[in-house]
Amino acid sequence: MSFKDIRLIKPENLEQLLKKNKFLTYRSKQIQNWARKIDIQSFNQMSNLPNDLIQFLTENFKLNKSKVKTSKKSFDGTIKFAIQLYDNLIVEAVLIPSNKRVTACVSSQVGCSLDCNFCATSKIKKMRNLESYEIFDQIMLLNKESINHFSSHITNIVFMGMGEPLLNYKNVIESIDQITSDFGIGISYKKITVSTSGISKMIKKMADDDVKFNLAISLHTALEKTRNKVMPFSKSFPIKELVDSLEYWYKKIKRKITFEYLIWKEINDDFEHINALVSICKRIPSKVNIIEYNDTDNSMFRNADDKWINNYVTTLKENRIPVSVRRSRGKDIDAACGQLANKY
């Protein structure tokens, strides 16, 4: 018999269940408060519940808690974690300290169903979506680690780990609501960014749902032919559809989009690609985040020469498009997303 994690039961349904089994309904809130605590691994640890209720919960539900399997700390302070789920599958999460910020990078799926050739996670087949409580657990685990290592709570969250967040939309949205609540870490929606490879119809859905967080697009090229080459799945999501969905997003949400952009040698290091990016940025209020590529042992992808990074930056600035260059963090600890999980 397969038991459901109690955190998947809606509060009103849990109250009805307790009442039906002759338990006081106010116990529902106590159970939920205990279940959210990252150090609670079993119902027996819920110390203010009566024994008969603990027995009832144990016989009917599970607490599928995650835990840190291993971690690696970089010379630059970045810490990468392998998080073990209740079924022994592994996802990655990262803490990135910088100035007065600690950013948590979290996963939304075990593996990934997309086929971006430059990404280490794409070598891990998608095994399943993460439940909302598993994403929540990632954050609570990382927040505890952040306090231990940096004497600071997490200040920013990015959904840029394993998986495509918009292909696990419901659970990602629910987890964000939990994370921002009082029983989470109370972080502002404005400090959360969801990064997508460009699932157009889901970007429009987010806009219709009036989400409060930030949006980043893993773009890397604004030319269809190149995008189809490095991200083959994008043939189903043409650039025109993506741009249309981003214009729709901005019209509804009124928040700038971030384009995440890798520059590779002999792939997108030329002025044709630069001008295509500028053209899109002029249509959509946005900023460009140029990222240093983390090697994934694919000889097709090599970092472009610095002169081309400078050409991108100069051209974008000349067109009054905000741009920043982010150097790779954690190079010495399997920095590319998916590399650590691949070992398990």
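Could you run through segment 85-95 and say how many residues are over 10 Å from ILE154 (Cβ atoms) and crowded, with 17+ Cβ neighbours inside 10 Å? Reasoning before the result, please.
Our first condition is that a residue be over 10 Å from ILE154 (Cβ atoms); within segment 85-95, this holds for 85-94.
Next, only the ones that are crowded, with 17+ Cβ neighbours inside 10 Å stay: 85, 89-94.
Going through segment 85-95 one residue at a time, the tally reaches 7.
Based on what the data block shows, is ILE199 of a type outside the set (Phe, Trp, Tyr), crowded, with 20+ Cβ neighbours inside 10 Å and at negative phi?
Working: of a type outside the set (Phe, Trp, Tyr): yes; crowded, with 20+ Cβ neighbours inside 10 Å: yes; at negative phi: yes.
So ILE199 fits the description; yes.
With respect to PHE61, determine if the residue is farther than 30 Å from ARG101 by Cβ, buried (at least 19 other Cβ atoms within 10 Å of the Cβ) and not basic (Lys, Arg). Taking the combined requirement at face value, the residue satisfies it. Looking at SER113, is it over 13 Å from the mean Cα position of the chain (by Cα), small (Gly, Ala, Ser) and open to solvent by 60 Å² or more (accessible area, probe 1.4 Å)? Answer is yes for this residue.
Pairs meeting the criteria (first residue in segment 125-145 and closer than 15 Å to ASP87 by Cα, second residue in a helix (DSSP H, G or I) and among the small types (Gly, Ala, Ser), beta carbons under 7 Å, at least 6 apart or on different chains) are ILE135/SER175.
Of all residues in segment 122-132, which are open to solvent by less than 10 Å² (accessible area, probe 1.4 Å) and either more than 13 Å from the chain's Cα centre (by Cα) or of a type in the set (Gly, Ala, Ser) (or both)? Quick ask: steps written out before the conclusion?
Taking segment 122-132 as the starting set, the residues that turn out to be open to solvent by less than 10 Å² (accessible area, probe 1.4 Å) are 130, 132.
Hit for segment 122-132 is SER132, nothing else.
All told, ILE267 falls short of being at pLDDT 95 or above, in a loop (DSSP other than H, G, I, E, B) and of a type in the set (A, V, I, L, M, F, W, C).
When segment 146-156 is examined, which residues are found to be in a helix (DSSP H, G or I) and either buried (at least 24 other Cβ atoms within 10 Å of the Cβ) or touching a residue at least 24 places away in the same chain (Cβ under 8 Å) (or both)?
Taking segment 146-156 and keeping what is in a helix (DSSP H, G or I), we get 146-150.
Passing the criteria: SER146, HIS149, PHE150.
Residue check: LYS72 meets all listed conditions (1) at pLDDT 90 or above; (2) in contact with a Cys (Cβ under 8 Å, 6 or more places away or on another chain) but one, namely (2).
All conditions but one from (1) open to solvent by 50 Å² or more (accessible area, probe 1.4 Å); (2) within 30 Å of TYR312 (Cα to Cα); (3) under 16 Å from the mean Cα position of the chain (by Cα) apply to TYR189; the one that does not is (2). Across segment 268-320, the qualifying residues are those that are open to solvent by less than 20 Å² (accessible area, probe 1.4 Å) and more than 29 Å from TRP249 (Cα to Cα), and the one among them that is farthest from the chain's Cα centre (by Cα) is ALA304.
Yes or no: segment 323-343 includes at least one residue that is surrounded by 14 or more Cβ atoms within 10 Å (Cβ to Cβ), modelled with pLDDT of 95 or more and in a loop (DSSP other than H, G, I, E, B). Scanning segment 323-343, I find no residue that is surrounded by 14 or more Cβ atoms within 10 Å (Cβ to Cβ), modelled with pLDDT of 95 or more and in a loop (DSSP other than H, G, I, E, B), so the answer is no. Basic (Lys, Arg), closer than 19 Å to THR103 by Cα and outside any loop (DSSP other than H, G, I, E, B), is that true of LYS190? Against the criterion (basic (Lys, Arg), closer than 19 Å to THR103 by Cα and outside any loop (DSSP other than H, G, I, E, B)), LYS190 qualifies. Considering segment 157-174, the residues that are open to solvent by 20 Å² or more (accessible area, probe 1.4 Å) and at pLDDT 95 or above include one that is nearest to VAL211 (Cα to Cα), namely ILE173.
Any residue in segment 286-307 that is in a helix (DSSP H, G or I) and under 24 Å from ASP210 (Cβ atoms)?
Looking only at segment 286-307, we keep the residues that are in a helix (DSSP H, G or I), and these are 306-307.
Add one more test, that the residue is under 24 Å from ASP210 (Cβ atoms), and what stays is none.
The answer is no, given that none of the residues of segment 286-307 is in a helix (DSSP H, G or I) and under 24 Å from ASP210 (Cβ atoms).
The values are calculated or read from the model by the stated rules, or taken from the named source; none is laboratory data. Every value quoted in this text rests on a predicted model; they were computed, and no experiment measured them. Please note: Cβ atoms are built from the backbone with ideal geometry, for glycine as well, and neighbour counts cover all protein chains shown. The accessibility values were calculated without ligands, DNA or RNA, using every heavy atom of the protein model including side chains. Shrake-Rupley method; radii C 1.70, N 1.55, O 1.52, S 1.80 Å.
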